[in-house]
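Scroll down for the structure; my scribbles are underneath it.
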Amino acid sequence: MQLTDVGKKIVKIVGIVAAALLLVLFGVYIGYMRFGRSEAESKPEADEGALKEISMEPFDDKDPVLNFALMEEYDFTILEIWNSDSGDCIRYISEMNMFAEECEHRDDEIYSYVAGVCGDIYDENGVLSGKRLDAAKAIAENGHVNYPQYVMDDKTKKILDGLNIDTLPAVIFINRKGEIMDVVTDMNGKELLVHMDSVVSRLMELDWEKERVKKLKEERENNEVSLN
């Protein structure tokens, strides 16, 4: 059966509309995957309470052991998870150097502890590899890393595996309660600084943080009164 001219035009229009609709849907899908994942989907799934059991040894004995007691001293502990065999991780050192430097000199009263955690120090049998550790230390030294570096042990790996991180390096923001505020990848140093402000804003909305800040202000005011 042959189509009339009108029928051909209708088929052509329908085809154009269908193609345009497919392009729109594809664009929406790409935008969703890049920017629009819901908070529920992007929220870390690790047992946040388990973070209180973390205890990691530093590359350099001059640095403290990274455990929950240390985390409680800071508003944020910011962990950069990296592997020594990843070119992307090695290239990221300069970005994290800048980020750590800026965090240390923030103008507000947000105090953070920025640390790197190397995840491939252990061999396939879970045994610490001296060769891999030496390689990781060399990378940190050659990159002039200005923030402490730690060894990810098996317990820490199991805890962080629950975050379903599929891209390294990854940066994890943990507050003083041992709660994960955010996990991000694919951000350079400047983007991390901007993103940190949004994480800080969320921290300031938590009731326990509001109460802590209130007590600090009261203590400061009382000290000023006593000095006068």
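I'm trying to understand the selection: among the residues of the range 168-195, which are open to solvent by less than 20 Å² (accessible area, probe 1.4 Å), out of contact with any strand residue (DSSP E or B) (no Cβ under 6 Å at 6 or more places or on another chain) and closer than 19 Å to LEU70 by Cβ? Steps first, answer last, please.
Applying the first criterion (open to solvent by less than 20 Å² (accessible area, probe 1.4 Å)) to the range 168-195 yields 169-175, 178, 180, 184, 189, 192.
Those still in the list that are out of contact with any strand residue (DSSP E or B) (no Cβ under 6 Å at 6 or more places or on another chain) too: 178, 189, 192.
Matches in the range 168-195: GLY178 only.
Where in the range 146-186 are there strands (runs of 3 or more DSSP E), lying wholly inside it, with at least 2 residues that are aliphatic (A, V, I, L, M), within 24 Å of GLU104 (Cβ to Cβ) and out of contact with any Asp or Glu (no Cβ under 8 Å at 6 or more places or on another chain)? Before the answer, list the steps.
Values: elements: 149-151, 170-175, 180-185.
Because the criterion is at least 2 residues that are aliphatic (A, V, I, L, M), within 24 Å of GLU104 (Cβ to Cβ) and out of contact with any Asp or Glu (no Cβ under 8 Å at 6 or more places or on another chain), the strands (runs of 3 or more DSSP E) in the range 146-186 that meet it are 180-185.
Which of the residues that make up the range 140-158 are surrounded by 18 or more Cβ atoms within 10 Å (Cβ to Cβ) and either β-branched (Val, Ile, Thr) or more than 24 Å from SER129 (Cβ to Cβ) (or both)?
Across the range 140-158, the qualifying residues are VAL145, VAL151, THR156.
Could you tell me whether any residue of the range 123-136 is within 16 Å of LEU192 (Cα to Cα), part of a loop (DSSP other than H, G, I, E, B) and among the β-branched types (Val, Ile, Thr)? Show your work before the answer.
Just the residues of the range 123-136 that are within 16 Å of LEU192 (Cα to Cα), to begin with: none.
Within the range 123-136, none of the residues are within 16 Å of LEU192 (Cα to Cα), part of a loop (DSSP other than H, G, I, E, B) and among the β-branched types (Val, Ile, Thr).
Does any residue in the range 165-183 that is aliphatic (A, V, I, L, M) come within less than 6 Å, Cβ to Cβ, of a residue that is in a loop (DSSP other than H, G, I, E, B) and open to solvent by 10 Å² or more (accessible area, probe 1.4 Å) six or more places away or on a different chain, and which pairs are these?
These pairs meet every condition: LEU168/ASN83; LEU168/SER86; ILE180/PRO44; VAL183/PRO44; VAL183/LEU163.
Would you confirm whether or not the range 196-214 contains a residue that is within 23 Å of ALA69 (Cα to Cα), in a loop (DSSP other than H, G, I, E, B) and in contact with a Pro (Cβ under 7 Å, 6 or more places away or on another chain)?
Within the range 196-214, the first condition is being within 23 Å of ALA69 (Cα to Cα), and the residues that meet it are 196, 199-200, 202-204, 206-214.
Still in the running and in a loop (DSSP other than H, G, I, E, B): 204, 206.
Still in the list and also in contact with a Pro (Cβ under 7 Å, 6 or more places away or on another chain): none.
Within the range 196-214, not a single residue is within 23 Å of ALA69 (Cα to Cα), in a loop (DSSP other than H, G, I, E, B) and in contact with a Pro (Cβ under 7 Å, 6 or more places away or on another chain).
What's the number of the only condition in (1) hydroxyl-bearing (Ser, Thr, Tyr); (2) more than 29 Å from VAL213 (Cα to Cα); (3) surrounded by 17 or more Cβ atoms within 10 Å (Cβ to Cβ) that SER112 fails to meet?
With respect to (1) hydroxyl-bearing (Ser, Thr, Tyr); (2) more than 29 Å from VAL213 (Cα to Cα); (3) surrounded by 17 or more Cβ atoms within 10 Å (Cβ to Cβ), SER112 is out only on (2).
For ALA115, state whether it is hydrophobic (A, V, I, L, M, F, W, C) and without any contact (Cβ under 8 Å) to a residue 24 or more places away in the chain. Step through it out loud before you land on a result.
Details: hydrophobic (A, V, I, L, M, F, W, C): yes; without any contact (Cβ under 8 Å) to a residue 24 or more places away in the chain: no.
Criteria not met by ALA115.
Return yes when ILE165 is within 12 Å of the chain's Cα centre (by Cα), within 14 Å of LEU79 (Cβ to Cβ) and surrounded by 15 or more Cβ atoms within 10 Å (Cβ to Cβ) and no when it is not.
Working: within 12 Å of the chain's Cα centre (by Cα): yes; within 14 Å of LEU79 (Cβ to Cβ): yes; surrounded by 15 or more Cβ atoms within 10 Å (Cβ to Cβ): yes.
It is true that ILE165 is within 12 Å of the chain's Cα centre (by Cα), within 14 Å of LEU79 (Cβ to Cβ) and surrounded by 15 or more Cβ atoms within 10 Å (Cβ to Cβ).
The values are calculated or read from the model by the stated rules, or taken from the named source; none is laboratory data. This is a predicted model, so every value here is computed, not measured. Neighbour counts are summed over all protein chains in view; Cβ atoms, including those assigned to glycine, are modelled from backbone coordinates with ideal geometry. Keep in mind that these areas ignore ligands, DNA and RNA; they rest on the heavy atoms of the full protein, side chains included. Shrake-Rupley method; radii C 1.70, N 1.55, O 1.52, S 1.80 Å.
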